[in-house]
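One structure is given below, encoded as structure tokens.
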Amino acid sequence: MNPIIEIKNLRKEFVSGDKKVVALDNINLNIQKGDIYGIIGLSGAGKSTLVRCINFLEVPTSGQVIFEGKDLQTLSKKDLLLARRSMGMIFQRFNLLAQRTALKNICYPMEIAGISKAAAKKRALELLEVVGLPDKANSYPAQLSGGQMQRIAIARALATNPQVLLCDEATSALDPNTTNQILELLKEINHIMGVTIIVITHEMRVIEQICNRVAVIDHSNIVEEGFVKDVFLRPQSTIARNLILPKGEAIKNFEGKRCIRIVFDGNSSYEPIISNMTLESRAAVNIMFANTKNIDGKAFGEMVIQLPPEEAAATRILDYLESANIFYREEDYAE
């Protein structure tokens, strides 16, 4: 299967005074049609520059961005505009036009594309239904909540029937509950409309909730890439491990010996794994960190526990986890 977006050896440099700054270096990614593909990294890692290179709002210094089999670098200005029309974009701060109603904000990209007013209005009303705000057509951005503004921004991004939706920190300005609602909406759009979605974020919980594949970017380079489950279970890079399990003060300052990270990747959430483990091994453990959630009756997340100092007791715990097919990994939290 040919990817909908293929990035080859991409490099992006900026000139600042007499200095050359490398924002992206040797980026290679394949994004398949229908993916919800996450790109995660800390601030300054290069992820926002990467998403702007994907639709050529930033022209790469070298390398290729191939969209639906076409190298964007080789396209005429007219064809590049058509390609961009197939890549909708939503932003952290919504970027709605303050003097336009929700309906007219959604109509705006269709006006630019030369679509008739009647057809644009019909499409905009349909999209207001899709994003769950049919009653907000005549509301101005100042009259909307943050979550409502982002829904309008998503509707606007879908107005020209794009193949790809680029989301640049689209939930960073929203509270957790609203974030979950927006992510569920994006999942629904992906499922029902078949739109490929690329999610730029610094939050692992966003990746876990909706993405099927993820690339981890650090200091302008892709340091890890794969299925979300694989990266979550066995992170290979230091930055991925830190993003998956941030080292809070409670963990940093914990005085202990051996610690293990237990990963829950779809066991029944009704199975008392930790209780069974302590009963079977006849050893108590100290829970240092836990972040688990119930999704459709399945447990997902992770837990860090301190093993007991007695070697025999620690061995019984590890033997139990292995016999129960529960993934674990010894971690060093002494840093």
Among (1) surrounded by 19 or more Cβ atoms within 10 Å (Cβ to Cβ); (2) of a type outside the set (Val, Ile, Thr); (3) in a loop (DSSP other than H, G, I, E, B), the one test that Ser48 misses
(3)
Complete set of residues in region 1-22 that are aliphatic (A, V, I, L, M) and touching a Cys at 6+ places or on another chain (Cβ under 9 Å):
Ile7, Leu10
Does Ala157 fit the bill of being of a type outside the set (Val, Ile, Thr), touching a residue at least 60 places away in the same chain (Cβ under 8 Å) and buried (at least 23 other Cβ atoms within 10 Å of the Cβ)?
yes
Single residue of Leu72, Leu81, Leu97 found to be hydrophobic (A, V, I, L, M, F, W, C) and touching a residue at least 40 places away in the same chain (Cβ under 8 Å)
Leu97
If Lys104 passes every condition in (1) among the basic types (Lys, Arg); (2) within 29 Å of Glu225 (Cβ to Cβ); (3) surrounded by 14 or more Cβ atoms within 10 Å (Cβ to Cβ); (4) out of contact with any Cys (no Cβ under 9 Å at 6 or more places or on another chain) but one, which one does it miss?
(2)
Where in region 218-335 are the helices (runs of 4 or more DSSP H), entirely inside, with at least 2 residues that are in contact with a Cys (Cβ under 9 Å, 6 or more places away or on another chain) and at pLDDT 80 or above?
none
What is the number of the single condition among (1) touching a Lys or Arg at 6+ places or on another chain (Cβ under 6 Å); (2) surrounded by fewer than 18 Cβ atoms within 10 Å (Cβ to Cβ); (3) part of a strand (DSSP E or B) that Val22 does not meet?
(1)
Verdict on Tyr37 being aromatic (Phe, Trp, Tyr) and touching a Cys at 6+ places or on another chain (Cβ under 8 Å)
yes
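Every residue, every condition in (1) in contact with a helix residue (DSSP H, G or I) (Cβ under 8 Å, 6 or more places away or on another chain); (2) over 17 Å from Ile7 (Cα atoms); (3) exposed (fewer than 13 other Cβ atoms within 10 Å of the Cβ); (4) hydrophobic (A, V, I, L, M, F, W, C), yes or no:
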position	(1), (2), (3), (4)
Glu58	yes, no, no, no
Gly63	no, no, no, no
Asp71	no, no, yes, no
Leu75	yes, no, no, yes
Asp79	no, yes, yes, no
Phe91	yes, yes, no, yes
Leu96	yes, yes, no, yes
Gln99	no, yes, yes, no
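For residues that are among the small types (Gly, Ala, Ser) and within 18 Å of Leu50 (Cβ to Cβ), scanning just region 160-213, find the one that is surrounded by the most Cβ atoms within 10 Å (Cβ to Cβ).
Step by step, filter region 160-213, then rank; the result is Ala170.
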Here the qualifying pairs (Cβ atoms under 7 Å; residues six or more apart or on different chains; first in region 297-326 and crowded, with 18+ Cβ neighbours inside 10 Å; second assigned to a helix (DSSP H, G or I) and of a type in the set (Val, Ile, Thr)) come out as Val304/Ile251; Leu307/Ile317
Restricting to region 116-133, give me the number of residues that are surrounded by fewer than 17 Cβ atoms within 10 Å (Cβ to Cβ) and either among the charged types (D, E, K, R) or outside any helix (DSSP H, G or I) (or both).
6
For Ser139: the one exception among (1) assigned to a loop (DSSP other than H, G, I, E, B); (2) surrounded by 20 or more Cβ atoms within 10 Å (Cβ to Cβ)
(2)
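The values are calculated or read from the model by the stated rules, or taken from the named source; none is laboratory data. Just so it is clear, the structure is predicted and the values come from calculations on it, not from any experiment. Here Cβ is always computed from backbone atoms with ideal geometry, including for glycine, and neighbour counts include all displayed protein chains.
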